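**Q** Questions regarding the structure given below will be posed in turn.
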Amino acid sequence: MFIAHLPAGYMMARLLARRARLRGRAGVRFLWAGAIGAIAPDFDLAYFYLVDGRQHQHHSYVTHYPVIWIAAMLVCAGWWRVGRMRPWAALAGVFALGGFTHMVLDSVVGDIAWLAPFSDEYFALSHVEAMFKPWWLNFILHWSFALELGLVALAVYLWRRDHARYW
């Protein structure tokens with residue numbers, strides 16, 4: 001996925017914020033935490049380009065191990081359950097859920113090692129064939145990009161509907 005991570009994180013956090021009836025600054029922080037969490041696994045691209053020299057697929061880095069995001073969600077659930085600093089636990093939890101959402105979305109056409117670090121086998125629902133140059137055209141012309149555009153369109157629609165009084 002290229003463009004749908006941020007909108008998907010926004011929609012996931014929006015749904016949870018509505019269910020928790022979060023309003024005002026708390027709701028905005030919650031939305032930001034979910035949206036940033038949904039792009040956080042791709043922060044490894046800085047390492048990929050600046051340090052690693054593109055020698056390894058960036059999905060092989062620990063930031064793309066689903067177990068990391070699942071563990072983070074479990075830690076946040078325990079933190080929230082203890083009852084200390086619950087708002088921070090909720091923000092960290094929705095951030096981690098955003099990271100996990102990223103793993104699910106990347107599994108559509110990007111290889112994700114769902115069993116890492118115990119297995120280095122990668123899984124994807126579909127694969128993008130290298131038929132065009134530059135490389136990114138292969139992704140834009142693949143059916144999965146229509147899914148991405150749909151997610152972006154839905155997020156824009158929901159955001160505009162929520163903010164209709166300001167337009």
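The values are calculated or read from the model by the stated rules, or taken from the named source; none is laboratory data. Fair warning: this is a prediction, and the values are worked out from it, not measured in the lab. Positions of Cβ are generated from backbone atoms using ideal geometry, with glycine treated the same way; all protein chains shown enter the neighbour counts.
**Q** Determine whether residue 40 is surrounded by 12 or more Cβ atoms within 10 Å (Cβ to Cβ) and either modelled with pLDDT of 95 or more or not small (Gly, Ala, Ser) (or both).
**A** Working: surrounded by 12 or more Cβ atoms within 10 Å (Cβ to Cβ): yes; either modelled with pLDDT of 95 or more or not small (Gly, Ala, Ser) (or both): yes.
Yes; evaluated as a whole, the condition is true for this residue.
**Q** Cβ contacts < 9 Å: first residue within 23 Å of residue 7 (Cβ to Cβ), restricted to segment 124-145; second residue assigned to a loop (DSSP other than H, G, I, E, B) and of a type in the set (S, T, N, Q), any location; separation 6+ or different chain. Result?
**A** If the second residue must be assigned to a loop (DSSP other than H, G, I, E, B) and of a type in the set (S, T, N, Q), the pairs left are 124/107; 125/107; 142/126; 143/126; 144/126.
**Q** Would you point out the residue of segment 109-167, among those that are of a type in the set (Ser, Thr, Tyr) and under 22 Å from residue 42 (Cα atoms), that is surrounded by the fewest Cβ atoms within 10 Å (Cβ to Cβ)?
**A** In this case the residue turns out to be 119.
**Q** If you don't mind, another one. Could you give every pair whose Cβ atoms fall below 6 Å, whose first residue belongs to segment 19-38 and is over 25 Å from residue 106 (Cα atoms) and aliphatic (A, V, I, L, M), and whose second residue is part of a helix (DSSP H, G or I) and modelled with pLDDT of 95 or more, counting only separations of at least 6 or pairs across chains?
**A** These pairs meet every condition: 22/30.
**Q** Let me ask something additional. Can residue 150 be described as within 18 Å of the chain's Cα centre (by Cα), within 25 Å of residue 29 (Cβ to Cβ), small (Gly, Ala, Ser) and assigned to a helix (DSSP H, G or I)?
**A** no
**Q** Among (1) buried (at least 19 other Cβ atoms within 10 Å of the Cβ); (2) in contact with a Lys or Arg (Cβ under 9 Å, 6 or more places away or on another chain), which single condition is residue 80 missing?
**A** (1)
**Q** In segment 5-27, which residues are among the aliphatic types (A, V, I, L, M) and farther than 13 Å from residue 99 by Cα?
**A** 11, 15, 16, 17, 20, 22, 26 - these are the residues of segment 5-27 that are among the aliphatic types (A, V, I, L, M) and farther than 13 Å from residue 99 by Cα.
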